[in-house]
Amino acid sequence: MVTANQALKAVGLFIAYLLKSITDLFLTKPLWASLKVLEDTDLRATGGIHETYKAKALWEKTGAVIMVVRRPGCLLCREEAIELSSLKPHLEELGIPLLAVVKENIGHELDAFKTCFTGEVYVDQKRALYGPVERYMFLSALLRIGVWRSLWRAYRKGCTGNIIKGEGLVLGGVFVIGPEDQGILLEHREKEFGDKVNLLAVLRSARKIQDCLATAK
């Protein structure tokens, strides 16, 4: 016999699924990135001398794990930055750098983000790593149960942030890119605010880089 609580739970799940399906209609479908476009992207260093590099220079010898940050001031982005930073010791053993890319350098916000992220941070002013087609999430985020769950999860972990400083509608993601011609080994594109990459998938992809380098030797 179905209890009242079970019935309410089933209705709640149905409503959550229905809202997600409806809001999915307003999302731009992601397209796979072109390695050539990523390699030719100009990235500007943050902190100290603001030198500009071709993105390829950051991974052509060692590969790299790259967090494409939606907004450095967002507590959800900071939560993911902390989790990716927890992989830093493993990545260092493999000789693979952990990097982050932001859209804009908003002084104090970027400084606060760097307390959550242990790798180097660069600015992608042309937002090439956010493409090839930029995907936006607007007010539909307020109707998605997954976003509210992610906010509650990050809040309970003690993550803090703001909702007003910087552009935060263009969704980000995470790349694992191998050296030389190994290409893109992992491409995670956010489906909604708080949609984090699988850390085990990041490590598996990073180990493929190490295997490739070992074979080359």
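What the table below lists for this structure:
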| item | result |
| --- | --- |
| Residue list for the range 106-126, restricted to those being part of a loop (DSSP other than H, G, I, E, B) and buried (at least 18 other Cβ atoms within 10 Å of the Cβ) | CYS116, PHE117, THR118, GLY119, ASP124 |
| Residues located in the range 199-217, provided they are of a type in the set (A, V, I, L, M, F, W, C) and modelled with pLDDT of 75 or more | LEU199, LEU200, ALA201, VAL202, LEU203, ALA206, ILE209 |
| Cβ-Cβ under 6 Å pairs, at least 6 apart or on other chains, the range 134-161 side in contact (Cβ under 8 Å) with a residue 24 or more places away in the chain, far side of a type in the set (D, E, K, R) and in a loop (DSSP other than H, G, I, E, B) | ARG144/GLU192; GLY146/GLU192; VAL147/GLU192 |
| Subset of the range 46-56 that is farther than 18 Å from GLU104 by Cβ and touching a helix residue (DSSP H, G or I) at 6+ places or on another chain (Cβ under 9 Å) - its residue that is surrounded by the fewest Cβ atoms within 10 Å (Cβ to Cβ) | LYS54 |
| Within the range 118-147, tally of residues that are touching a helix residue (DSSP H, G or I) at 6+ places or on another chain (Cβ under 8 Å), closer than 17 Å to ASP195 by Cα and hydroxyl-bearing (Ser, Thr, Tyr) | 1 |
| Checklist (1) part of a helix (DSSP H, G or I); (2) modelled with pLDDT of 95 or more applied to VAL65, failing item | (1) |
| Candidates LEU151, LEU91, LEU142, LEU99, filtered to the one that is touching a strand residue (DSSP E or B) at 6+ places or on another chain (Cβ under 7 Å) and part of a helix (DSSP H, G or I) | LEU91 |
| Residues within the range 118-160 that are small (Gly, Ala, Ser) and at positive phi, tallied | 1 |
| Filtered residues of the range 155-182 (kept if in contact with a strand residue (DSSP E or B) (Cβ under 7 Å, 6 or more places away or on another chain) and surrounded by fewer than 17 Cβ atoms within 10 Å (Cβ to Cβ)) | LEU169 |
| Output for the range 167-189, where each listed residue is closer than 16 Å to MET67 by Cβ and outside any strand (DSSP E or B) | GLY168, LEU171, GLY172 |
| Cβ pairs under 7 Å, 6+ apart, first in the range 74-86 and within 17 Å of VAL202 (Cβ to Cβ) and touching a residue at least 60 places away in the same chain (Cβ under 8 Å), second among the charged types (D, E, K, R) and surrounded by fewer than 24 Cβ atoms within 10 Å (Cβ to Cβ) | GLU79/LYS157; GLU80/LYS196; GLU83/LYS196 |
| Near pairs, Cβ below 9 angstrom, 6+ apart or cross-chain, from the range 98-114 (over 19 Å from LYS54 (Cβ atoms)) to any residue that is surrounded by fewer than 17 Cβ atoms within 10 Å (Cβ to Cβ) and among the hydroxyl-bearing types (Ser, Thr, Tyr) | ALA112/THR160 |
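The values are calculated or read from the model by the stated rules, or taken from the named source; none is laboratory data. Quantities reported herein were computed from a predicted structural model and do not represent experimental measurements. Don't worry about glycine lacking a Cβ; one is built from the backbone with ideal geometry, like all the others, and counts go over all protein chains shown.
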